[in-house]
1. Being at pLDDT below 95 and among the aliphatic types (A, V, I, L, M) is the filter; apply it to the range 57-72 and report the residue that is surrounded by the most Cβ atoms within 10 Å (Cβ to Cβ).
2. If you check residue 52 against the conditions, is it out of contact with any strand residue (DSSP E or B) (no Cβ under 7 Å at 6 or more places or on another chain) and at positive phi?
3. For residues in the range 20-38 being buried (at least 16 other Cβ atoms within 10 Å of the Cβ) and touching a Pro at 6+ places or on another chain (Cβ under 9 Å), which is nearest to residue 66 (Cα to Cα)?
4. Any chance you could count how many residues in the range 16-45 are more than 10 Å from the chain's Cα centre (by Cα) and of a type in the set (Phe, Trp, Tyr)?
5. Which residues, taken from the range 1-53, are aromatic (Phe, Trp, Tyr) and not in a helix (DSSP H, G or I)?
Amino acid sequence: MFGLFWCDFDPKTGLEEKLRLAAAYFQKKHGQEPVTCYVNLSAMAGESTQAAGMQLVAHRSVLPNHFILSIESEHSRNEAPS
């Protein structure tokens with residue numbers, strides 16, 4: 001998987017803003033917009049499955065306040081990161 005690991009521990013910043021900043025950095029670094037973002041299960045509580053133009057995928061192996069941005073869609077993969 002081609003991607004970017006991102007951490008943001010600021011309690012004042014909401015999920016959408018954190019992901020917007022991560023996506024902007026991804027775009028600047030890789031010249032492409034990310035499609036999918038793997039998040040901790042707790043990040044999805046009451047949240048949409050879309051944010052900052054990315055599909056959000058909850059996965060138990062992603063730590064809280066950590067995000068994995070990818071150019072691959074969840075549908076193009078057979079499994080999430082382990």
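The values are calculated or read from the model by the stated rules, or taken from the named source; none is laboratory data. Please read these numbers as outputs of a predicted model, since none were measured by experiment. Here the Cβ is made from the backbone with ideal geometry for all residues, glycine too, and neighbour counts use every protein chain on show.
1. Looking at the filtered set, the residue picked out is 57.
2. For residue 52, the condition - out of contact with any strand residue (DSSP E or B) (no Cβ under 7 Å at 6 or more places or on another chain) and at positive phi - is met.
3. Among those residues, the one meeting the criterion is 38.
4. Result for the range 16-45: 2.
5. 2, 5, 6, 9, 38
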